[in-house]
Amino acid sequence: MEMNMSKEITIKDTLSIIERVQKLTELCYKDTLSNRFVALNDLTRKIRACLNAIYLLPLDKYDVLCVPINLIYRCIVSDLMITLFIAVIEDSQFDEVMHIMDIDFTKSLKNSLDANIEIRKETYPNESDDFDELSKNYQIKLYDDMKDCLNSEEGEEWEVEKPKTLTINGICYTGQTRQMHDILKTYGYEIRGLASVYQYYRLLSQSEHYSIKGRIFNYKQELYEKYYKKILGYVFLVEEYIYQKYSKSVSE
């Protein structure tokens, strides 16, 4: 899919279509009570927040500022991939996809609870609290919210469910961004073109890892500015696709 870049897409243009999609997905949810529109609305608001954050970073200065901007754009691309994936996935597999995402979050949550305990141990070494009991209490408090992703009973150490194998269009999906890209590539011409934004995710991911040699590439913002403009174009097209696809679903 070739993007028409005869008119340069600006952050302002992108924020405008995002605002429309945000309002639309809120209306769609009210009409259908579907988690699909909850997810699309959440992701749209996340992308909007990242774009607003870019305004706060002075793009006229090169040097190290290229790295945080790259990481913000990487976050945008990641959310954009998930947005497109959620928008096109069939109803028959939507709940399974979302459950895999929930399982992945539950694993992350358990790790964050464990990290919280370690932080408290280091911060308050003389604290008399039983840290193991504290960890158990955290898990009990959150159990009702997370139990559909757990194989353990209330009061037991969390055992996170292993996701079932899900095959979409012949491709195994376990929650990885690369798998989303591969699955989206099996759809029609328009979706395949939009899925190509994944290559920017790969490119910008290099900014997460510091090295002296990496400075040669990460700090050349005059090169990356072209990529930023392309990414804005992708955001605009994906959000416009969602708006066109679902605007018929609700009477605004």
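What to note about this one:
- Cα long-axis angle, helix 131-146 against the chain (0 to 90 degrees, to the nearest 10): 50
- Cut-off under 5 Å, modelled amide H: who pairs with L166 long-range: Y173
- Cross-link pairs K46/K121; K110/K213; K12/K245; K121/K164; K30/K230 - those with Cα-Cα distance over 31 Å: K46/K121; K110/K213; K121/K164; K30/K230
- Take the range 136-210 with all the other protein chains still there, run a 1.4 Å probe, and you get 60 Å² of accessible area per residue.
- P(r) weight above 34 Å for the chain, C-alpha pairs, percent: 30
- Acute angle (nearest 10 degrees) that the helix 11-32 long axis makes with the longest principal axis of the chain, alpha-carbon atoms: 50
- By average C-beta atoms within 10 angstrom, highest first, the peptides 158-169, 33-44: 33-44, 158-169
- Placing +1 on the Cβ of every Lys and Arg and -1 on the Cβ of every Asp and Glu, with no other charges, gives the chain a dipole of roughly 1580 debye about its Cα centre.
- Full-extension gain in nm, V38 to R178, via 0.36 nm per residue minus C-alpha separation: 48.1 nm
- Largest GNM mean-square fluctuation among M81, M180, M146, using the chain with Cα springs under 10 Å: M146.
- Note on the chain: with a GNM built from Cα contacts shorter than 10 Å, the maximum mean-square fluctuation among R215, R120, R74 falls on R120.
- Cα long-axis angle, helix 35-54 against the chain (0 to 90 degrees, to the nearest 10): 70
- In this simple spin-label model, placing a label point 7 Å from the Cα along the Cα-to-Cβ direction at both K245 and A49 gives a separation of 2.3 nm.
The values are calculated or read from the model by the stated rules, or taken from the named source; none is laboratory data. Quick caveat: nothing in here was measured; it's all calculated off a predicted structure. Here Cβ is always computed from backbone atoms with ideal geometry, including for glycine, and neighbour counts include all displayed protein chains. Heavy atoms of the whole protein, side chains included, go into the accessibility calculation; ligands, DNA and RNA do not. Shrake-Rupley method; radii C 1.70, N 1.55, O 1.52, S 1.80 Å.
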